Amino acid sequence: MKKVILSALAVMAFGFANAQDGHFKAGVHAGVVLGDLKDSYTSNFGVDVAYLWNVADKFSVGATSGYTVYIPKSYNYNDIYGSYRVESSEAGFIPVAGTAQYSITNYLFVGADLGYAIYVGSGSGDGGILYQPKFGYQNNKIEVFASYKGISDDATLSTFNIGFNYKF
């Protein structure tokens, strides 16, 4: 199922890239886990794709998706019965979100993503509302950004991320 969803997203992304009135970007991100689930996960890594349309001077809106995985912490326990290792499952998500970006200057921007993160990790899990404010540096071909990503359902899985995008 994951392969089908990821293949469909890739086809959509390349279709968007051929449109004439906006721009496509793809990138990677890495982060550290904060908040409610910091005791369960250590970090996250992922890939991002987005297509944005210019709707006003220095302002763009669009759609974004990708894949992000949260790496679980593991613990070693020793008791009178022996030693054992406890580890949670990886948590994987495919975000489906709207995105907006405003260029403060030619080189600095602020942005935000808002949507839903679909749970595709191993084991049982739920998706949740996704929100991600961003701040970064850009030029004609690249973006480097910092962001706070939150996925909220019963608890919030939040991270501080550093990312890189290449603009097509």
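The values are calculated or read from the model by the stated rules, or taken from the named source; none is laboratory data. Only a predicted model underlies this, so the values are computations on that prediction, with no experimental measurement involved. Cβ placement follows ideal geometry from the backbone for every residue including glycine, while neighbour counts extend to all protein chains displayed. Heavy atoms of the whole protein, side chains included, go into the accessibility calculation; ligands, DNA and RNA do not. Shrake-Rupley method; radii C 1.70, N 1.55, O 1.52, S 1.80 Å.
Filter the range 128-156 for residues that are open to solvent by less than 60 Å² (accessible area, probe 1.4 Å) and over 26 Å from Phe24 (Cα atoms) and give the result.
Of everything in the range 128-156, those that are open to solvent by less than 60 Å² (accessible area, probe 1.4 Å) and over 26 Å from Phe24 (Cα atoms) turn out to be Ser152, Ala155, Thr156.
Between a first residue in the range 50-69 that is without any contact (Cβ under 8 Å) to a residue 12 or more places away in the chain and a second residue that is surrounded by fewer than 21 Cβ atoms within 10 Å (Cβ to Cβ) and assigned to a strand (DSSP E or B), which pairs have beta carbons less than 7 Å apart while being 6 or more apart in sequence or on different chains?
Close Cβ pairs satisfying both conditions: Val55/Val61.
Just checking: which of the strands (runs of 3 or more DSSP E) contained wholly in the range 9-109 hold 2 or more residues that are under 19 Å from the mean Cα position of the chain (by Cα) and either surrounded by fewer than 19 Cβ atoms within 10 Å (Cβ to Cβ) or at pLDDT below 90 (or both)?
Those strands (runs of 3 or more DSSP E) span 22-34, 41-56, 59-72, 91-103.
Pairs under 6 Å by beta carbon, first residue small (Gly, Ala, Ser) in the range 28-44, partner in a loop (DSSP other than H, G, I, E, B), six or more apart or different chains?
Hits for this filter: Ser40/Ser88.
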